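Below you'll find the structure, written out as structure tokens, and then a few comments.
The values are calculated or read from the model by the stated rules, or taken from the named source; none is laboratory data. All of these numbers come straight from a predicted model, not from anything done at the bench. Cβ atoms come from the backbone with ideal geometry, glycine included; neighbour counts cover every protein chain shown.
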Protein chains: 6
Amino acid sequence: MNTSTNPCINTPRHDGRTVDALRTVRITRHYTMHAEGSVLVEFGNTRVLCTASVEEKVPPHKRGSGEGWVTAEYGMLPRATHRRSDREAARGKQSGRTQEIQRLIGRSLRAVFDLKRLGERTLQIDCDVIQADGGTRTAAITGAWVAAHDAVTRLLQDGKLAASPITGAVAAVSVGIVGGRPVLDLDYAEDAACDTDMNVVMTGTGHFIELQGTAEGAAFSRSELDALLALAEQGIGQLLSLQQQALQQP
Amino acid sequence: MNTSTNPCINTPRHDGRTVDALRTVRITRHYTMHAEGSVLVEFGNTRVLCTASVEEKVPPHKRGSGEGWVTAEYGMLPRATHRRSDREAARGKQSGRTQEIQRLIGRSLRAVFDLKRLGERTLQIDCDVIQADGGTRTAAITGAWVAAHDAVTRLLQDGKLAASPITGAVAAVSVGIVGGRPVLDLDYAEDAACDTDMNVVMTGTGHFIELQGTAEGAAFSRSELDALLALAEQGIGQLLSLQQQALQQP
Amino acid sequence: MNTSTNPCINTPRHDGRTVDALRTVRITRHYTMHAEGSVLVEFGNTRVLCTASVEEKVPPHKRGSGEGWVTAEYGMLPRATHRRSDREAARGKQSGRTQEIQRLIGRSLRAVFDLKRLGERTLQIDCDVIQADGGTRTAAITGAWVAAHDAVTRLLQDGKLAASPITGAVAAVSVGIVGGRPVLDLDYAEDAACDTDMNVVMTGTGHFIELQGTAEGAAFSRSELDALLALAEQGIGQLLSLQQQALQQP
Amino acid sequence: MNTSTNPCINTPRHDGRTVDALRTVRITRHYTMHAEGSVLVEFGNTRVLCTASVEEKVPPHKRGSGEGWVTAEYGMLPRATHRRSDREAARGKQSGRTQEIQRLIGRSLRAVFDLKRLGERTLQIDCDVIQADGGTRTAAITGAWVAAHDAVTRLLQDGKLAASPITGAVAAVSVGIVGGRPVLDLDYAEDAACDTDMNVVMTGTGHFIELQGTAEGAAFSRSELDALLALAEQGIGQLLSLQQQALQQP
Amino acid sequence: MNTSTNPCINTPRHDGRTVDALRTVRITRHYTMHAEGSVLVEFGNTRVLCTASVEEKVPPHKRGSGEGWVTAEYGMLPRATHRRSDREAARGKQSGRTQEIQRLIGRSLRAVFDLKRLGERTLQIDCDVIQADGGTRTAAITGAWVAAHDAVTRLLQDGKLAASPITGAVAAVSVGIVGGRPVLDLDYAEDAACDTDMNVVMTGTGHFIELQGTAEGAAFSRSELDALLALAEQGIGQLLSLQQQALQQP
Amino acid sequence: MNTSTNPCINTPRHDGRTVDALRTVRITRHYTMHAEGSVLVEFGNTRVLCTASVEEKVPPHKRGSGEGWVTAEYGMLPRATHRRSDREAARGKQSGRTQEIQRLIGRSLRAVFDLKRLGERTLQIDCDVIQADGGTRTAAITGAWVAAHDAVTRLLQDGKLAASPITGAVAAVSVGIVGGRPVLDLDYAEDAACDTDMNVVMTGTGHFIELQGTAEGAAFSRSELDALLALAEQGIGQLLSLQQQALQQP
């Protein structure tokens, strides 16, 4: 399929967006009171609470290394979704999907952290989905970076760090091929209907940290891939700006 | 100790409240969009999201009985608390405390439900603590009843129920002996310092459903118990009114 | 309901007891040979083996504190009950009920222990139900205190303790509203039929340690509560005497 | 080593027994009230409660086969032993030792059961060690058979079975090489000191069902094995008589 | 970094390969005797046993759908790796990495399966790593497709299927940026040293099924991505030929 | 049954073997490249990979003792068997059978190890069944000893040990009564049909380490036992020779 000749390229999506439009994105800092960083991030109806907690210890593989650690956990409230899903704590284990997502968030954050400069402490990120409507993992990464930034600011203010260990920004968005055309930032309805779904994580300097594309239906061609990457690059650019705007609030 | 002669009875509490004052209570309905009932309940800084989900099936012990079931699960986001607590899903099991609380919520709701009239379906309550500052279980019960009410209203509107299975209201509050005097609705600081902590669950007609008193420090006398019960009765009266006000919103 | 005017107040219960009578209680010390304290406690047909084991270490939260710890575990043999229940070790987890009960036993014992005087060691209580006929948790608390006393005596005799860390006695009983009237020490048949079930734990000086009342059927009024508390106070008085008599045996 | 020329063959054992003497064995039927069969078996200080429960269903692999099933579970109270061992229900899994033993008990009982004649029901054996002093698994098998017999008698009396599915008796004993000489029915002290430990399960007609010998220290020779088997055969003969005597009680 | 100007593009890799060379690949069919399809696939020193088992049932979400299911599990023998890793069965859970990989294998295979044509049966793929030296997941996918093909051939020969449900071929390879230049099919030493690691899964018609790129060190640019994709496309082309050659053996 | 008069004693077995013949046994050393000892052992179609890994630490019960530890784990690839069995890692626990077998392997190896001479390190044996056709545990023990020997040789060569901690050889075989006659080294078909199955582990000096006999069908007599032991002794003699031959290869 050649996306550039798709006749429906200008038809609005089911929610009225153009193919290259993000949903309304909101980043609310200081959302809860205990965490060193606490951000509610909303991509349309998707709402994820991202907290960053500072712990003055490191996991075994970092002990005595002089380096810190950044890690993440992900969860979904049972009725964040259209149909209630089982509570993972009650079932006694996290699903493969949950583990995949939390490993992705952790790697994405670590890509912009200088662990040596963090010192022997852990930044524990928790991303909990309050309401899900597609794109929870990309919203989580985008919000988690802001929460991590707030936690680092606190460490700098408290004199526990001399210089920020954050080496750059990171944000993420999903793209996919829905009804034959590449679109940006899929909501749940689009995600359920799409042939290909790709999550892209990029730095503030336009480089890739993670790229995870999956053909749920038909396999995708190289030209489709190029179209998806272009959409992602553009969307992430906007998300990076929104992060900076949020950080300029008090 | 004779509470009636306590000289400090009129000294305000650490947050300025009188001994018989609730914290500011807010009940926000329709807080998330998927659940049949979804309520954010706030007792001061304590914030609990209570959702009620309707499932058209019952657990094994009710199959074929013609009766429904009402049950609850409880969780705490890892950084809802002052210090981060481990994620129960990651540890692979729910703590004894979590199980105690969710069993309490389930029993409290069932006490005002006619399971026969509910029909063979389950009302699954989820209470998830977004931010904790003492009294999460009593806030949860108070909010869960409103969420359950909304879910039942939906069933009535959809014609799935002919008459409401709800036989009355239920609300809950904590009371305790702090610094030698009985007080209503303890926040975390008071809870950590108190000698005795009691959770009281009552119906709209002033009867008891649950009474759970624990002497954390010194054991408590019968006269102290009487004073605590009087405070609870008064506080629950106010909570029952707030529930009704919330239900009158559209 | 006004219990004082109940016409059937003098009708004997299904096993011939008056409303305020305990079942036959037996406390057999030195029941097994390895534990520092080992007591078989019987409340009628309910038989619970309570052992107290001294361990010269403390859990992490007490390490280096100079304080000791008292904790309890509870179990039920699979065929202690009318119908066989699953073995918790085989299922791979303890039920919520089991955890609730063992937490209650632990708190009750700690209420009469001076942990500083115990020194950095743990008193591990195990309560295993050999045969169940209602009231297993109250029998367990009553017997566990005697087992704990024997273990402490052993520590004193061995010169490991200079003074007893036990600050008082503790005993427990259940009360409930059965067929409309408050009764003491429910057996299984009464427990299954009762509207309200309350477990009361008191010290030797007549103060409350725990109060756990649950309306299984109709909610209970304040006057019913008062009647139940009076019964409990009286029954616990007798249990405290029986504990002392048992301790006077060699 | 040739055991027949061992000079110390007539020296009494540490508890005064001769090499070929069982400890005092007691079999108490109807020990608890709920189970269809309930036997306390004592081999000296080893005390095991064996219950046999009838369940009117079979595990999946027997469904629709017209055959029944006999299975066993084994447990040890935490302080049945000299030093307290962790509660398996709290740890969340049964040890390899526990599983080995319960599989052995189940196989031993099934060897004397005609599962077709049992019909599609399960005989669930529970063997719980109240006090351990060596030989818990052999005591358990010996007691379990009596409990199973009582449960079958109940089924015959209730008219649920036309003929007994029990095809013979089964009993078990341990033998071992202690201090260079073969001895019968080891207690804990001997078990801890022995070079070889063997558990032998035999039928009423003198055939072997199970033979499990383990060299804990030095490997054992064929002549030592022969001496151990002779001791076991003699000891099991006595246990089979004691089972029959116990069954003749009302 | 612009890979096209990298001066070391022609320097051989640590094992002598050029940047665009696969390791020696071997595909051995009928490796074990019980499975319907059984393939040992070797990418250099990486050896994975892939079996395909036919089960005449489907998981719950497919019951009554008329469709079949294809799923995969992945494991690593404890000493497949340089240092022994814990056995997942002994630890009691599969790692996040394991779950990620087995989900990837399952999705990759399903992408070339017409589940309707498979009928209500499951093709269960097991990929067990006998020896690991990098690229175990891509070797597993490449081998699993051959094993699945053999299992389908068996179903066709047995007359259980009228037409093959396999709609195309699938193979996978890893690419990465090592020492600043893009290379094909990383072994363990390269994988441990690389900045970016990407696993690519493609169909026989040159379309993408999965694309998973991760910047372990520096983030990667669009031009680096393009270079990696070109290498992958070329390598997968060779693997697809090797699969066809293997299938032509008897 | 008197085996010596069995008329079919000279009839070949279903695979043509005489009653006293082993299957073809192959011992392949250096089968995988990472482990200090790595042996593929084949008893006919049964193939088990045995690796021995040296770890420079000991489990808690040996810390500070100056002694080392030898332990074993056992696993079966899901499709090693005729019908696929569940993956234990996915189910989240090892079966009772698995635990029994790995405990047996560990004890058998420790019987010929001087743990003091091993020093404070662990020899971790992993036995993974690639293909099963009866006798996996006896093949595992026989192969594990060779793998352990290779690992010890490596320690001696590296100067980490001054003298070998291995005090002798150990090998194992199964024997059983099939169709009324005792046979050596049962394959799966014979194992499934046999009345009695016995696993015998012996040292190089002809002494017993383990003897595990189970009557699956009819109980076995003393004379049958004697016949089985004679077969085992003879078969183990051959296995011990094959181990030595394998060790003479480079």
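C:A151 passes every criterion in (1) farther than 30 Å from C:G64 by Cα; (2) within 14 Å of chain D (Cβ to nearest Cβ) apart from (1). Entry remark, the range D:157-188: residues being in a loop (DSSP other than H, G, I, E, B), among the charged types (D, E, K, R) and out of contact with any Gly (no Cβ under 9 Å at 6 or more places or on another chain) number 1 in total. Among the residues of the range E:194-209, the one identified as surrounded by fewer than 23 Cβ atoms within 10 Å (Cβ to Cβ) and without any contact (Cβ under 8 Å) to a residue 12 or more places away in the chain is E:H207.
So that you can scan it fast, the table gives a plain yes or no per residue for (1) of a type in the set (D, E, K, R); (2) outside any helix (DSSP H, G or I):
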residue: B:E190; (1), (2): yes, no
residue: B:M202; (1), (2): no, yes
residue: B:T214; (1), (2): no, yes
residue: B:L225; (1), (2): no, no
residue: B:L229; (1), (2): no, no
residue: B:E233; (1), (2): yes, no
residue: B:I236; (1), (2): no, no
residue: B:Q245; (1), (2): no, no
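Among the conditions (1) surrounded by 20 or more Cβ atoms within 10 Å (Cβ to Cβ); (2) within 20 Å of E:T24 (Cα to Cα), the only one that E:A169 does not satisfy is (2).
Within the range D:172-186, if we keep just the residues that are small (G, A, S) and surrounded by 23 or more Cβ atoms within 10 Å (Cβ to Cβ), the residue that is nearest to the chain's Cα centre (by Cα) turns out to be D:A172. Scanning the range E:72-100 for residues that are surrounded by 19 or more Cβ atoms within 10 Å (Cβ to Cβ), more than 10 Å from chain A (Cβ to nearest Cβ) and either touching a Cys at 6+ places or on another chain (Cβ under 8 Å) or without any contact (Cβ under 8 Å) to a residue 60 or more places away in the chain (or both) returns E:A72, E:E73, E:Y74, E:G75, E:L77, E:P78, E:R79, E:A80, E:R84, E:R87, E:E88, E:A89. Residues F:R121, F:R91: which one is modelled with pLDDT under 95 and not small (G, A, S)? Residue meeting the stated conditions: F:R91. The residues of the range C:112-131 that are closer than 18 Å to C:Y188 by Cα and surrounded by fewer than 24 Cβ atoms within 10 Å (Cβ to Cβ), listed by number, are C:V129, C:I130, C:Q131. Restricting the range E:101-119 to residues that are charged (D, E, K, R) and out of contact with any Gly (no Cβ under 6 Å at 6 or more places or on another chain) leaves a set whose member that is farthest from the other protein chains (Cβ to nearest Cβ) is E:R117. Filtered by the rule that a residue be of a type in the set (A, V, I, L, M), within 16 Å of A:V200 (Cα to Cα) and out of contact with any helix residue (DSSP H, G or I) (no Cβ under 7 Å at 6 or more places or on another chain), the range E:183-217 gives E:L211, E:A215. Among the residues of the range B:22-59, those that are of a type in the set (A, V, I, L, M, F, W, C) and farther than 21 Å from A:H34 by Cβ comprise B:L22, B:I27, B:M33, B:A35, B:V39, B:A52, B:V54, B:V58. Of all residues in the range B:52-70, which are out of contact with any helix residue (DSSP H, G or I) (no Cβ under 7 Å at 6 or more places or on another chain) and surrounded by 18 or more Cβ atoms within 10 Å (Cβ to Cβ)? Correct list: B:S53, B:V58.
Look at (1) under 16 Å from the mean Cα position of the chain (by Cα); (2) crowded, with 22+ Cβ neighbours inside 10 Å; (3) within 12 Å of another protein chain (Cβ to nearest Cβ) and you find that F:R137 fails only one, number (3). Exactly one residue out of E:I130, E:I125, E:I141 is touching a residue at least 12 places away in the same chain (Cβ under 8 Å) and assigned to a helix (DSSP H, G or I): that is E:I141.
Is the range E:157-180 home to any residue that is among the basic types (K, R), farther than 23 Å from E:Q102 by Cα and modelled with pLDDT of 95 or more? Yes; the residues of the range E:157-180 include at least one that is among the basic types (K, R), farther than 23 Å from E:Q102 by Cα and modelled with pLDDT of 95 or more. Taken together, E:A246, E:A162, E:A227, E:A189 contain a single residue that is surrounded by fewer than 24 Cβ atoms within 10 Å (Cβ to Cβ), more than 10 Å from chain A (Cβ to nearest Cβ) and touching a Pro at 6+ places or on another chain (Cβ under 7 Å), which is E:A227. Scanning the range E:202-224 for residues that are more than 7 Å from chain A (Cβ to nearest Cβ) and within 21 Å of the chain's Cα centre (by Cα) yields a total of 5.
With respect to the conditions (1) at positive phi; (2) in contact with an Asp or Glu (Cβ under 8 Å, 6 or more places away or on another chain), E:R154 falls short on a single one, namely (1).
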